[in-house]
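Below is one structure, written out as structure tokens, with a few remarks after it.
The values are calculated or read from the model by the stated rules, or taken from the named source; none is laboratory data. This structure is a prediction, so every number in the text was calculated from the model and none was measured. We place every Cβ from the backbone using ideal geometry, glycine too, and count neighbours over all the protein chains shown. SASA here: full protein model, heavy atoms, side chains in, ligands and nucleic acids out. Shrake-Rupley method; radii C 1.70, N 1.55, O 1.52, S 1.80 Å.
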Amino acid sequence: MREFITQTWSWWFSGTMIAAIMFFLLYFGQSFGFSANLRTICAAAGLGKKTKFFDFNWKAQTWNLVFLVGAIVGGFIANQVLSSGTPVEISQATINDLSKLGIAAPASLQPAELFSLDAILSIKGFLVLAVGGLMVGFGSRYAGGCTSGHAISGLSDLQVPSLIAVIGFFIGGLAMTFFILPLIF
Amino acid sequence: MKFIKFLLLGIVFGVVMAKSEAISWFRIQEMFRFQAFHMYGIIGTAVILGVIGVALIKRFKIRDFHGNQILFYPKDKSIIRYLVGGTIFGLGWALSGACPGPMVVSIGYGFLTMSIVFLFAIVGTYLYGVFKEKLPH
């Protein structure tokens, strides 16, 4: 049992759980969309005084901020209680491709080449994370949603705009993976 | 107390994202290189169950726990905002290996440097708010 919990959870169980979370949120009168929190945080910081986009009743979104806090706690529990400490078992093909970029095979969940203290103390390392975050934040609001809002909630409702957004996710993701990452690393 | 259910759902979300390794930069690279089924399996399972569930909710006019009928609102019809916004999002997703949910799960997991990605995602959202009126939608 212990081993069953600490190993990587299967795609079918994880996908089922994510659908269940979406349905529980609907049952509780809300909808699944994580990036809305980024806008809520801007509004809660008082940015609505100068920028109309952040001038809304953000307190109605408190439930989503609580969900965000829960997600942080969930990550903590997953590591402290439920982890076997084994590195991510990605395919050998991916390990080979990444080694050509100078990124070593996984030693944990995230590559030290991007997320170690050493990495972020270099100008390039800091910019990689900063620009990555900037594009996720800007793009998710421009597109009106992220993976949870469009790929999960929107596609579940067979919404064409969400399909277009997901196609965009892949255009950007493939361009970064195959054309830009080799220039950076 | 009315928020505790959202805290619990958030915890389950965080655990599932971490234990499925969907928060891993390596898994996102593996996905964009089409070298494993894992991420497609997670998203695909969620979407297939989601499509069935949403159709049932609409068909049987299922109500939420407040007693209100669960409604789905069609998103504004457009191509440019979804395509361009989505592409910018995808560039950031493949670079940082994280979308907004996994960012905070990673921070909780102990990858504190992911806070930089999250803080700049807030800055990115702010910049969108500032330039919104000037962007084609």
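Overview of results
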{"quantity": "Test for A:Gly168: is it open to solvent by less than 10 Å² (accessible area, probe 1.4 Å), outside the structural domain of A:Cys42 (by TED's automatic domain parsing) and under 12 Å from B:Cys99 (Cβ atoms)", "calculated": "no"}
{"quantity": "Hey, A:Leu65 assigned to a helix (DSSP H, G or I), open to solvent by less than 60 Å² (accessible area, probe 1.4 Å), at pLDDT 95 or above and within 24 Å of B:Gly10 (Cβ to Cβ) or not", "calculated": "yes"}
{"quantity": "Test: B:Leu91 is free of Cβ contacts under 8 Å to residues at least 40 places away in the same chain, touching a Gly at 6+ places or on another chain (Cβ under 8 Å), at the interface with chain A (Cβ under 7 Å from one of its Cβ atoms) and open to solvent by 30 Å² or more (accessible area, probe 1.4 Å)", "calculated": "yes"}
{"quantity": "The one condition in (1) under 20 Å from B:Tyr40 (Cα atoms); (2) assigned to a helix (DSSP H, G or I); (3) in contact with a Ser or Thr (Cβ under 7 Å, 6 or more places away or on another chain); (4) open to solvent by 30 Å² or more (accessible area, probe 1.4 Å) that A:Arg39 fails to fulfil", "calculated": "(1)"}
{"quantity": "Index of the failed condition, A:Thr86 passing every other in (1) under 17 Å from the mean Cα position of the chain (by Cα); (2) part of a loop (DSSP other than H, G, I, E, B); (3) of a type in the set (Val, Ile, Thr)", "calculated": "(1)"}
{"quantity": "Region A:135-165 - residue that is farther than 19 Å from B:Tyr40 by Cα and hydrophobic (A, V, I, L, M, F, W, C) and, of those, most open to solvent (accessible area, probe 1.4 Å)", "calculated": "A:Val160"}
{"quantity": "Within region A:98-134, tally of residues that are part of a helix (DSSP H, G or I) and open to solvent by 40 Å² or more (accessible area, probe 1.4 Å)", "calculated": "12"}
{"quantity": "Filter result for the condition that a residue is free of Cβ contacts under 8 Å to residues at least 40 places away in the same chain, surrounded by 21 or more Cβ atoms within 10 Å (Cβ to Cβ) and outside the structural domain of A:Gly139 (by TED's automatic domain parsing), over A:Gly70, A:Gly46, A:Gly33", "calculated": "A:Gly70"}
